[in-house]
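The values are calculated or read from the model by the stated rules, or taken from the named source; none is laboratory data. Keep in mind that what you see is a predicted model, and the values were worked out from it rather than measured. Reconstructed Cβ throughout: ideal geometry from the backbone, glycine too, with neighbour counts over all protein chains shown. Quick note on the areas: whole protein, heavy atoms, side chains included, nothing else; ligands and nucleic acids left out. Shrake-Rupley method; radii C 1.70, N 1.55, O 1.52, S 1.80 Å.
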Amino acid sequence: KREDHPLPPDSPVKHSAVHHQLLAFAACLLLIEDWMRKCASKEICLLVVEENQQAKGLMQQLYGRFRDPRLREALDVADHVPLPARHVKEQPLFQKKDPGSVLQLADFCAYVQKRTLMSDPKYERFATPMAPNVQSYQVPL
């Protein structure tokens, strides 16, 4: 419930849904940066994010902070934490989720994975062919 997770009174985020989007964005950025460092160290990338006017500016600010070399010192994080971001080079690319958008496909794949993790047998017909292409990856924080 929303009241179980109140936002700080001075937070620029006015809705918990935006708060959750920012957390998901930060987690994705860290996971991708860590993977790039370990598996594609000579490559760079950018993130494609669903257009959301409430979260867009905050995501851009968050991205800028994750790229700031002073962040590591400010947070006093362990050496294995992938900060500052070096491989995610561009500001997030914000896209509308139109019917033919690749974001629709990404949402579908995420939904199938969610239903599979919930042991819903109705989604096995989608999950089984997808399984060889699904990777699980965690950043050891």
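Rounded to the nearest 500, what is the 222 nm mean residue ellipticity of the chain from helices alone, with -39500 (n - 2.57) per DSSP H run of 4+ residues and division by all residues?
My calculation for the chain gives -15500 deg cm²/dmol from helical runs alone.
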Next item on the list: Could you list, in their original order, any pairs among Lys38/Lys89; Lys38/Lys96; Lys56/Lys89 whose Cα atoms are separated by more than 26 Å?
Entry: Lys38/Lys96
Checklist line | Relative contact order computed over the stretch 40-88 (Cα-Cα under 8 Å; 6+ residues apart), in percent | finding: 50
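Pull out a ≥ b ≥ c, the square roots of the eigenvalues of the alpha-carbon gyration tensor of the stretch 96-141, then state rounded if a/c is under 1.5, prolate if not and a/b is larger than b/c, and oblate in the remaining case.
oblate
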Notebook entry, point to check: Expressed as a whole percentage, what fraction of the accessible surface of the chain belongs to carbon and sulfur atoms when a 1.4 Å probe is rolled over the protein heavy atoms?
Noted result: 56
Notebook entry, point to check: Lys97 label point, 7 Å along Cα→Cβ, cut-off 11 Å on backbone N: hits in the stretch 52-69?
Noted result: 52
Check: Considering the chain as a Gaussian network with a 10 Å cut-off on Cα pairs, which listed residue, Glu50, Glu73, Glu90, attains the greatest mean-square fluctuation?
Finding: Glu73
Next item on the list: Once you have the Cα-Cα distance between His80 and Gln54, take 0.36 nm times their residue separation minus that, and quote the gain in nm to one decimal.
Entry: 6.2 nm
Notebook entry, point to check: What order do Tyr63, Tyr137 take when sorted by accessible area (1.4 Å probe), most exposed first?
Noted result: Tyr137, Tyr63
Check: Using 14 Å as the cut-off for backbone N distance, which residues of the stretch 58-85 belong to the label zone defined by a point 7 Å from the Cα of Tyr137 along Cα→Cβ?
Finding: 82
Next item on the list: Count charges around Ile32 for me, please; just the other residues with Cβ under 14 Å from its Cβ, Lys/Arg as +1, Asp/Glu as -1.
Entry: +1
Checklist line | Listed candidates (1) 100; (2) 163; (3) 191 - label of the one calculated as volume of the Cα convex hull per residue in Å³ | finding: (2)
